[in-house]
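Working notes, beginning with the structure itself.
Here, each number is a calculation from the coordinates, and none is a lab measurement. All of these numbers come straight from a predicted model, not from anything done at the bench. No Cβ is skipped: glycine too gets one built from the backbone with ideal geometry, and neighbour counts run over all protein chains shown.
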Amino acid sequence: MTALDTYSQTEHPEASHTQAVAELIQADSLSLHYGKTIAFSEVSLGLGAGEITAIVGPSGCGKSSFLMCLNRLTDLVPEAEVTGRLSWGNWDLLHPKLDTTRLRRRVGMILQKPNPFPLSIWKNLAFPLAEHGIKQRAEQQQRIELALQEVGLWDEVKDRLRSSALQLSGGQQQRLCLARALVLQPEVLLMDEPCSALDPISSRRVEELVLGMRGRYTVAIVTHNLAQAKRLADQTAVFWTETAGGKLIELGATTQIFEAPQHPLTQDYVRGLQG
Amino acid sequence: MTHPFQSLFLNSTRRNLLLGMGFSLLLTACSSGSSADQKLTLTGSSTVAPLIGEIAKRYEAENPGIRIDVQTGGSSRGLADASQGLADIGMISRGLKAEEEGEFQGFVIAKDGIGLIVHGDNPVQAISDQQVVDIYKGEVDAWQAVGGNNAPITVVNKAEGRSTLELFLKYFELENSEVQADVVIGDNQQGIKTVAGNPNALGYVSIGAAEYDIAQGSPIKLLPVDKIAATTETVQDGSFPLSRPLTLVVTEPPMGLTQDFINFAQSEQVHDIVRAQNFVPVSSSLAQTQSEATAN
Amino acid sequence: MQTPSSKPGLDWAAIAIWTIATLITATFCCILLDILWHGLGQLSWEFLTTAPANAGRDGGINSILVSTGLILLVCLSVSIPLGVGTAIFLAEFARGNPQFSRWVRRSLDILAGVPSIVFGLFGYAFFVQRLGLGFSILSGGLTLACMVLPILIRAAEEGFRAVPDGYRLGAASLGLSRWGTLQQVLLPSAMPGLVVGLVLGIGRAMAETAALIFTSGYVDRMPGSVWDSGRSLSIHIFDLSMNVPGGEQQAYGSALVLILLLIVINSFASWVAQRYQLGL
C-alpha cells in the first residue's frame, strides 16, 4: 500500500475542505514535454493557500501548460510527459495512480473561451453534480442557487434556468462556467486568461469575482493583462520563453514584481518594453 | 406556479420516449409473425412477375390462408432459385432449353411475341430476316439500303442476360458479340421509349407492350417478321415466328399447393389477367407440348 | 498588385461557375417539375390508402408505403446505434492510434462508393440465404443498413470532430466521466453531423432498388411483419416504369410521394436535431 492509497481512504472529500486550504500547492523543478517539444522546464513555484497567484509572460512560454499540470489535464495529451515534483500537502499530484476525478473536483478550471455545455443553464450545473454523486434534487437546487448567486448570475437567469446556456452573452457564459466550477465546491481555481475573450464590462465583473475569492480559494490566474495581474494578485510569477521552452524567470510579491523587478527581462516587460 | 425543473424532467422523458418509440415499433412488427398457413414463393423473370403477381392475388382471394410471394430478378435467377429450393416455382420468359429439361419441368402460362419496332414516321414497311441480321451485325448501317430514308440506323439491343435478347439472337442466329448496338436497353418500356424518341431507331420488344403503347399514342410501329404481321392474334395461333412462352418451372413433379397454383395459372380463369398484362393466353392442354416445341 | 488582364479571367471563372450552378439547379427543377406535373393528378388520400391492383396500374400504394416504412425502420434501428458507436470510437477513442483510424476510414470510403448491386448480392447471399431470413423486410432493412453505414459513420465522425475541444477540456477539468460527457455533451453537439449522415443515408436507402430487389423483394401485399417480403416505393416505381406497360402515371404518383416523404423525414430530422443541440 502506498502512502497515497492510505491518504485517499482516510480522508473524506468534504472533510478535507478546511484542511487543504491551509496547505500549499508546491511545484519543484516541474517540466513538461510534448514529445520532443518542451513546454516549460524546471519551474519551482508555490501557490499560497487562499492567495491569488498571477502568471504572466509572453505567448507560448508555457503558462497554460503549467496550469494543465495542476489538475492533470496533461493526461489527455497522448505525448505529454511531466517530470519533477508537484505536491499538495502530502498528496503527490504526479502519482500515476492518482484519482484524477477527485483531484479535478477539488481543483476547478476556467478557460479563456467560455465553454458552457450545449445544455440548459440548469443542466450545465446539475450534470457535473450528478456525475460526482450529488443526485438529490433538493441538494442540487441548493448548490446551484448558491453557485449562481456567488457569480451574480442568479437574478439574471433564475426565470430561465431551462433555456439553453448558449443563449447567454459571452460574459454571462463565462460567469456560468465559473459557477459550474464552484458548484463542486473546489478549493483551488485555475483560470487561463478568463477575461481575454470578454468585453471590458464583463471583464471587470469577472475580475471583481476573482477578487472576492481571496481567502476562500487558492487561485492561479494566467493573464496577458499586466494591469489585471497588478490589481488582483498577491504574488506574480513571470514566465519567459528561452531556447528550450518556457522558464520561470522571476517570482515574488506582486508589489515587488511591479515596483522593483530584479530580472532585466522582467524590468523591460513590466515597463511595457518587451513581450 | 409551475416548478421550472418539472418541465425539465418531462423534456428528457419525452426524448427517451422518442428513442424508444422506434424500437418498440420494431418489436411489435417482429412479434406479430407470419400468419399464413401455407406459403408459395416464386422468383424469376421481371416480364412474368407482374402477370404472376396478379394471378397470385386472385388465387389468394379464392383460397384464404394461402400466401403466394412473387419475387423478381430475371429468368436466370428464377432457374437458380428453383434449383436451390429458395423458390417453389421459378418464372422464365422463354421455353426450357434442351439441357435444362433434365432438371426442370416447365408449364407455359402465356405467350409473349417479340416484335421489331421502328419509329412511326419511318417509311419502311418490312425488312427481311437477312436484313435484320445485316443491320444488327453492322454490315448495313443506313435506312436507304433497306428502302428507307437517307439516314443512319440506330440499333437498339437488349442488355445481356435478358431472355428477350436470347430469343432474338436465337431466332436470327446471331451471337451477342457480333451485334453492333448503338443503344443497349433493359426493359420493354425503355426500348419503346428509345425508339419513340428516335426516328432512325430499330429495336425489338414484347408485342403486347408495343401494342398497348401504340394504342396509347406512342409514335412507334411493329414490323412483320417473315411476312407475318406482329399481332397478339398471330402469336396466339402460333403463326408468328418470333414469340416466346412465359413458363413456370419446377424441379420436382408438382404436388399439392404447387400443382394447384400451376393449374390455376394455366386455366381459363386467368385469361382476362393475361390479356390485361398485354400477353397472349394459351389453352392449358397445349401448354406443356408447346413448351417442348419452343425449346427445340 | 492586380493587373488589368487578370480581371476578365476572373470573370470567366465566375461565369463558368454560375453557368454550371444554374444548369444543375435547372436540371433538378426540370425533374421536380416533371414529377409534380405528372404526379400531382395521381395524388389523393385514396392513392395513399388503397392497395395496388392490376400490377400497380390501378389502386394505390398503401402496402408499398408500409413496407418502405418498415424497411427504413429496420435499416435505421441497426445503422444508427452501430454507426454512431463507430463514429464515437473513431473520433473520440482512436485518437491515439491514427494509423488504425486512417485504415478504417479508407475502408469506409471505399465501401461508401461500392455500387448498391454489390450490397444487394451480399444481402441475398448472407441475410436471405445464409441466415435464412428469406425474402423479407428484415433482409432488406439489414442490407440497406450495411449500405448506409459507411456514409453514416463518416458524416457522424465529422460531426464529432466539429465539436469544440473546449467541451472536452471543460468536461475533463470538471472530473466528468467519459461516458457522461459523451452522452450529455458530445452527442448533442455532434447532432448536425449525425443529421447530415442520417439525411444522406435515408436518401440513399429510400432511392435504393438494386439492393432491395434481391432481399426485401417484390411482393406488394400489405406486410404482416418484418418477416414478410415487401416492395419498397423505389422498386414499385422501377417496376411500374420498366416492366408494366401503362404503369407510368402511377409511377409518377409514387415518385412524388417518395420525394414528399424524403422532404418530410429530412425536415423532421433537422427539427429534432435542433432541439437536441440547444439542450432542450
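Exposed loop GluC sites (Glu not before Pro) only (DSSP loop, at most 13 other Cβ atoms within 10 Å): please give the longest stretch of chain A free of them, not including the sites. Of all site-free stretches, the longest is A:80-275.
Net charge dipole, the protein assembly as shown: roughly 3160 debye, given to the nearest 20, about the Cα centre with Cβ charges of +1 for Lys and Arg and -1 for Asp and Glu. Estimated from helices alone, the mean residue ellipticity of chain A at 222 nm is -10500 deg cm²/dmol (sum of -39500 (n - 2.57) over DSSP H runs with n ≥ 4, per residue).
The separation of region B:169-219 from region A:60-124, counted between C-alpha centres, amounts to 75 Å.
Quick one: grab the alpha carbon gyration tensor of region B:113-236, order the square roots of its eigenvalues as a ≥ b ≥ c, and give me rounded if a/c is under 1.5, else prolate or oblate depending on whether a/b is larger than b/c. Because its axes are fairly even, with a/c under 1.5, region B:113-236 counts as rounded.
For region B:132-146, putting each phi into the Karplus relation 6.51 cos²θ - 1.76 cosθ + 1.60 with θ = phi - 60° gives couplings of 4, 4, 4, 5, 6, 7, x, 6, 10, 10, 9, 5, 5, 5, 10 Hz, in residue order, rounded to whole numbers and with x for Gly and Pro. Pairs of Cα atoms nearer than 8 Å and 6+ residues apart set the relative contact order; for chain A it is 27 percent.
Checking every one of the trypsin sites (Lys or Arg not before Pro) in region A:149-206 against DSSP loop status and a limit of 16 other Cβ atoms within 10 Å picks out A:LYS158, A:ARG160. For chain C, the longest principal axis of the alpha carbon atoms and the long axis of helix C:62-88 meet at an angle near 20°. Are there any helices in chain A, counted as whole DSSP H runs, that stretch 20 Å or more along their axis by Cα and score at least 0.0 on average by Kyte-Doolittle, and if so which? Qualifying helices, which must be both long enough and hydrophobic enough, do not occur. Take the alpha carbon atoms of region C:67-93, find their center, do the same for region A:127-149, and report the distance between the two centers in whole angstrom. Result: 35 Å between the Cα centres.
FRET efficiency for the pair A:THR255 and C:PHE89, taken as 1/(1 + (r/R0)^6) with r the Cβ-Cβ distance and R0 = 41 Å, rounds to 0.15. Cβ crowding within 10 Å ranks A:HIS132, C:HIS236 as A:HIS132, C:HIS236, fewest other Cβ atoms first.
For A:ALA244 and A:ILE134, what is the calculated FRET efficiency with R₀ set at 56 Å and r taken between the beta-carbons, to the nearest 0.05? Efficiency, from the Cβ-Cβ distance: 0.80. The simple Förster model, with R0 at 45 Å and r as the Cβ-Cβ distance, assigns C:PHE268 and A:ASP155 a FRET efficiency of 0.70.
Each Cα pair under 8 Å and six or more residues apart adds its separation to the average, and for region C:45-277 the resulting relative contact order is 28 percent. For the protein assembly as shown, DSSP calls about 60 percent of its internal beta bridges antiparallel. Classified by the C-alpha gyration tensor, chain C has an oblate form. Its axis ratio a/c, with a ≥ b ≥ c, is 1.5 or above, and a/b does not exceed b/c. Close amide H contacts of B:ASN157 (hydrogens built in the peptide plane, cut-off under 5 Å, sequence separation of 5 or more or a different chain): B:ASP182, B:VAL183, B:VAL184, B:ILE185.
Of the residues C:ASP228, A:ASP28, the one with the fewest other Cβ atoms within 10 Å heads the list, and the complete ranking is A:ASP28, C:ASP228.
In degrees, nearest 10, range 0 to 90: what is the angle between the Cα axis of helix C:233-242 and the longest Cα principal axis of chain C? Once rounded, the angle reads 50 degrees.
Placing a label point 7 Å from the Cα of A:THR37 along the Cα-to-Cβ direction, the residues of region A:77-116 with a backbone N closer than 13 Å are A:77-81. Shape class for the protein assembly as shown: prolate, because the ratio a/c of the largest to smallest gyration tensor axis (alpha-carbon atoms, square roots of eigenvalues) is 1.5 or more and a/b beats b/c. Of all DSSP beta bridges confined to region B:113-236, the antiparallel ones make up roughly 70%. Each Cα pair under 8 Å and six or more residues apart adds its separation to the average, and for region A:169-275 the resulting relative contact order is 18 percent. Please give the net charge around C:GLY175, taking every other residue with its beta carbon less than 14 angstrom from that of C:GLY175, where Lys and Arg add +1 and Asp and Glu add -1. Combined, the nearby Lys, Arg, Asp and Glu give +4.
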